[in-house]
Amino acid sequence: MKTIRLFIFFLLAGFSANGQVISLNKKEISVLKRLVKNDPGVKNRYVRYEKAANAALADTPDPADTVFSEGRLASDPKKIVTAYSLLDLDKIYALALAYRITGDKKYLHKAALFLTAWGKRNQPNGNPINDTKFEHVFEAFDLVKDALTPADRRIVSTWFSKMADAEINNPRFNGTGATGRNNWNSHRLMVIGLIGYAVNDRRYQQYALAELPKHIEKNLYADGSGLDFHDRDALHYHVYSLEPLLSLVTTLKRAGETDYYSFISASGSSIRGSVKFLEPFVTGEKTHEEFVNSKTDFDRARANNNEPNFKIGALFKPDHGARVFSQAAFFDPALFAIAKKGYANEEAYPDWQSVLAKVKR
């Protein structure tokens, strides 16, 4: 009995020692509570989540056994069914956030119900473009993990570990193929790294730390552009590779690791430089016709399917890159202004990410 108590103590201590580096720690939650109360701009952003959380209280989890999204057209029946299931993910984050701000356990209990339902049913298969959709679930778990029962925490952490293991063991990343250098690996490393800090598993943390510098060298270029931009001839994919990288490097910086936002690789590339490359396209100083010379057949298939945001030759929309600057504002607060310009938004905080970046600094 004593051995069991000690095991539980050290398990809980492990989670506590790791803290909340993905989401918000106790001090930051206190700051956010004050801002929700006293800053109308923050309150305006937060109340949308509380409203969503209240609506989710009446909902039943709809977990997907397998996520079908990557490589499928929007009209694909399996992708459509998956999309309905994935509506749960925003509900989970809203419930977790509402619990931490209000302290009302009805939100915690519902968040736990959704988290464990997904943990019991979903079977990860190592596809980073599918797994990246769970980023906000990693954050949600990080917000509430200390308040979950040990049994519920174990269900979710086991699910996350299966996801990270499947990503690490995916044979598509063992060779010299494009997936090991393009946006797929950006999402893959984000998934592995965030899970590492969510469940406090040093194996996953060390894997992300070891692979990230190599990926920055291969994925991003010294002039600020990158492999995805040139392969797809689309800023859409430059953004799609930067967003997960920014999520990962923010977490690493908060965990006391190297500042990989400013890190310059052997080739001269850096995340900071690639954010800077994007800036004139978000401010409107430059424009870019998307996908015109893409080397990927799937881009043409989506265009032929009349999918929004994938029309060949359409100009890149500044608001599609604005979140990159809300994220990067954690490292450089001056970038808030670029995010606001990109969104063409008069609100004090153009998105929730800009609130989080302020609280975390």
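Here, each number is a calculation from the coordinates, and none is a lab measurement. Every value quoted in this text rests on a predicted model; they were computed, and no experiment measured them. Reconstructed Cβ throughout: ideal geometry from the backbone, glycine too, with neighbour counts over all protein chains shown.
A simple spin-label model places pseudo-atoms 7 Å from Cα toward Cβ; at SER267 and LYS26 they are separated by 4.5 nm.
Over what distance in Å are the Cα centres of the range 242-260 and the range 18-92 separated? So the separation of the two Cα centres works out to 21 Å.
Take every pair of alpha-carbon atoms less than 8 Å apart whose residues are at least six positions apart; their mean separation over the length of the range 23-155 yields a relative contact order of 30 percent. How high is the relative contact order of the range 219-361, given as a whole-number percent (alpha carbon pairs under 8 Å, six or more residues apart)? The value is 24 percent. Contact order, relative form, for the range 105-221: 29 percent (alpha carbon pairs under 8 Å, 6 or more residues apart, mean separation divided by residue count). What FRET efficiency do you get for LYS105 and GLU70 if R0 is 51 Å and r is their Cβ-Cβ distance, rounded to the nearest 0.05? After rounding to 0.05, the efficiency reads 0.90. Would you please state which residues of the range 270-295 a label at ASP259 would reach in this model, taking the label point 7 Å out along Cα→Cβ and a backbone N cut-off of under 20 Å? Only 270-279 pass the distance filter. Modelled label positions at THR158 and ASP62, each set 7 Å beyond Cα in the direction of Cβ, lie 2.7 nm from each other. The calculated FRET efficiency for ASN309 paired with ALA348, based on their beta-carbon distance and R0 = 41 Å, is about 0.90. Extension gain, THR296 to ALA52: 0.36 nm times the residue separation minus the Cα-Cα distance gives 84.1 nm.
Note on the chain: dipole from Cβ charges, positive end direction compared against SER270, PHE310, ALA208; the farthest Cα belongs to ALA208. Taking a point 7 Å from the Cα of LYS78 along the Cα-to-Cβ direction, the residues of the range 284-298 with backbone N closer than 20 Å to it are 297-298.
Rounded to the nearest 20 debye, the dipole size of the range 83-214 about its Cα centre is 180 debye, using +1 on the Cβ of Lys and Arg and -1 on the Cβ of Asp and Glu.
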